[in-house]
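Below is one structure; the comments refer to it alone.
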Amino acid sequence: MTTPAPRITEAGLVARIVEPEDFVADTEAFVDVRIERSKGKASYSFVGPGVSQNAGQHVSIAEPHGFNVGAATMPSGIYNNAHLHYTPEVFICTRGSWRVDIGRQREQSVELAPNAVFSAPTWVFRGFENTGPDDGFLFVVLGGDDTGGIIWEPRVLREAAETGMYLGRDHALIDGRNGVVPDDLLEPLSDEQLAGIDSYSTPELDHCLVEPDRLCWSTAGLLSTVLGLQHAVELAPVIGYGLSQDRRSRPPIRTPHGFALEWLRADPGASTGLHRHGDSQVLLLIDGDWEVALNEPAHQVCARPVMGSLASVPASAWRDLRNVGTTPAHAVIVTGGDGPSRVEWPAEMLARASDAGFGLDAAGYVAPLELLGTGS
């Protein structure tokens, strides 16, 4: 990689971490928040603005990443109404249970339990309900820096209008409870206008759901793993081709999203090893005790975000992810681009891997050193 590595300061690292205590709930993000079945839902914008229609929303990290990361939470039984996205929307359930309905008439549904990932297809209506006993939690990853906004199912706009909530033609929220309603409002679309939206079969939607038992964990996902227990980490691809340097890894979802998504699992005391690549990245620290270290060793800065935090790592920065706890730790890695990312290792790591009999082939995958260079 010829791009110089940025050097992150301690303050810069802190600014790239969002812990649960820093989560800012937006209860006025969308036009449907006052409809009875939707009261109490909250949205979060962690990386990028997402699809919020609230001009006053709080965005934790505004820097463009090529994708957006947010979250949704709401009490049991509360419903997020049917809407349509232009770019991919991926749900990652970390707490509770949820049902995602697909279609204007809720023709199909998908059940989400903890650690399930569902990629809702573009250009179809979707709504979701918290079916669990508590408020639940969903991370949401959206494709693109500019998502293009959303289209509401026409009935939602009509019901929202009865609560005094409207959308302007610029799709911004308008609160009409003071009795002053502008004339230039966004009108609900007609059935004829919506005749061309997409539909999916139940088997097709089943392929969009990746539950824990569908994960294929690789113990050779990174070059560092050839060095033994100190780098006992595993990768399980979910969407696209991200970091994995295992040439046999195949993600269950291969349609382009503009980002790749993988699970990372680390044994106690294990680390990924120092590495970098040229894509932006967000780490969702699902469980365990993680340490995030940035920069080369002489200038390294470290942080230990609490469980449930997220951290942004800039493109081309050196980074090392370490399990500093006593139990296995899990994270979801979201990497910009459809990949695969070309992971670069420091010379010291390459030398140690070489001593162990391994290197990287021309495509960037781990291979026996004795077979590299024999074709020329």
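The values are calculated or read from the model by the stated rules, or taken from the named source; none is laboratory data. In this text the structure is predicted, and so the values were computed from the model without any measurement. In this analysis, Cβ positions are derived from the backbone assuming ideal geometry, glycine residues included, and neighbour counts consider all displayed protein chains. Heads up: the accessible areas ignore ligands, DNA and RNA and are worked out on the full protein's heavy atoms, side chains in. Shrake-Rupley method; radii C 1.70, N 1.55, O 1.52, S 1.80 Å.
Points to keep in mind about this one:
- FRET efficiency estimate (nearest 0.05) - Cβ-Cβ, residue 198 to residue 178, R0 41 angstrom: 0.55
- Apolar share of the accessible surface for segment 299-376: 58 percent from carbon plus sulfur atoms, 1.4 Å probe.
- Residue-normalised accessible area of segment 272-342, expressed per residue, 1.4 Å probe, Å²: 30 Å²
- Based on protein heavy atoms only, segment 43-88 ends up with 30 Å² per residue of surface accessible to a 1.4 Å probe.
- Per atom type, segment 191-279 shows carbon and sulfur on 49% of its accessible surface, probed at 1.4 Å.
- Surface exposure of segment 105-251, expressed per residue as accessible area with a 1.4 Å probe, stands at 48 Å².
- Residue 180 - accessible surface, heavy atoms, 1.4 Å probe, Å² rounded to 10: 100 Å²
- Cα pair count fraction exceeding 27 Å, expressed as % - the chain: 49 percent
- Highest-fluctuation residue, 246, 361, 183 considered, GNM on the chain with Cα pairs under 10 Å: 183
- Listed residues 335, 255, 272, most fluctuating in the chain (Gaussian network, C-alpha, under 10 Å): 255
- Solvent accessible area, Å² - residue 241, 1.4 Å probe, full protein context: 80 Å²
- Overall dimensions of segment 130-261 by Cα: Rg and Dmax, Å: 22.2, 69
- Segment 82-164, Rg to Rh (Cα coordinates; Rh as Kirkwood inverse mean 1/r): 0.98
- Under the criterion of Cα pairs below 8 Å and six or more residues apart, the relative contact order for segment 279-318 equals 54 percent.
- Euclidean distance of C-alpha centroids, segment 125-147 and segment 311-361, integer Å: 29 Å
- Cα centroid separation, segment 263-281 to segment 36-92 (Å): 27 Å
- Of the residues 161, 220, 298, the one that moves most in a GNM of the chain with alpha-carbon contacts below 10 Å is 298.
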